[in-house]
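First the structure, in the form of structure tokens, and then the observations on it.
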Amino acid sequence: MTRTLTASKLAPSKLMLAAAIGALLAVSACKGPQTAPDGSAGASDAAVDASAIVKQRKANFKDIGKSNKVAKAALESTPPDFATASAAAASIKDDAGKILGLFPEGTGPDAAPKTEALPAVWQKPGEFKAAADKLASAADELKTAADAKDLVATTKAMGDIGGACKGCHEQFRKKDK
């Protein structure tokens, strides 16, 4: 027996929730195409909320750092926790894939004084993309090595992740004071 739900059968709160979700989806679809430093999907040409985007990208990088620490601790445990390291690597790769979209035009130091990003992010989009891709690749290597329970390869991949972070910070992030 199949039950068909109609608006009159839905509880008022569920109906309002469905309407609110529909409205949010409709509004979010109105933003149009967005452009990142590499010319791919990112922010639209319309004004962007630079401070909100800076908060999002800082949160994304904090998540990458947390996942990196989890992977490191998992691999240093006795015996190594390869499953946790693999999950952390997958998280790092996922977050690395978000990086380019979090640096749309109009969110640099001029528009967002609290950003730690240097103008080079937007001046050298190809190099910035390569740096983000390097992190994603290193995270993928870590996941593959952890899935294979290969401690030597996971150690190398962890070093590659650290090198990717360092290389990007040296070119595209303000120096720590």
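The values are calculated or read from the model by the stated rules, or taken from the named source; none is laboratory data. Predicted model, so just to flag it, every value in this text is computed and none were measured. Note: ideal-geometry Cβ built from the backbone for every residue, glycine included; neighbour counts use all protein chains shown.
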Query raised in the report: Applying the selection to the range 114-171, what residues are among the small types (G, A, S) and touching a strand residue (DSSP E or B) at 6+ places or on another chain (Cβ under 7 Å)?
Result: A117
Query raised in the report: Failed condition for A23, given (1) surrounded by 16 or more Cβ atoms within 10 Å (Cβ to Cβ); (2) in a helix (DSSP H, G or I); (3) modelled with pLDDT under 50, with all others met?
Result: (1)
Query raised in the report: What number of residues within the range 101-149 satisfy the criterion of being without any contact (Cβ under 8 Å) to a residue 40 or more places away in the chain, among the polar types (S, T, N, Q) and over 30 Å from A73 (Cβ atoms)?
Result: 1
Requested in this report: Determine if the range 114-126 includes at least one residue that is surrounded by fewer than 20 Cβ atoms within 10 Å (Cβ to Cβ) and within 8 Å of the chain's Cα centre (by Cα).
Outcome: no
**Report entry** Odd one out for G159, checked against (1) without any contact (Cβ under 8 Å) to a residue 12 or more places away in the chain; (2) under 20 Å from Q56 (Cα atoms); (3) assigned to a helix (DSSP H, G or I)
**Finding:** (2)
Query raised in the report: Hey, among S91, S40, which residue is among the hydroxyl-bearing types (S, T, Y) and either surrounded by fewer than 18 Cβ atoms within 10 Å (Cβ to Cβ) or modelled with pLDDT under 95 (or both)?
Result: S40
Report task. Tell me which of these A85 doesn't satisfy, since it passes every other one: (1) within 19 Å of D147 (Cβ to Cβ); (2) surrounded by fewer than 17 Cβ atoms within 10 Å (Cβ to Cβ); (3) small (G, A, S). Result -> (2)
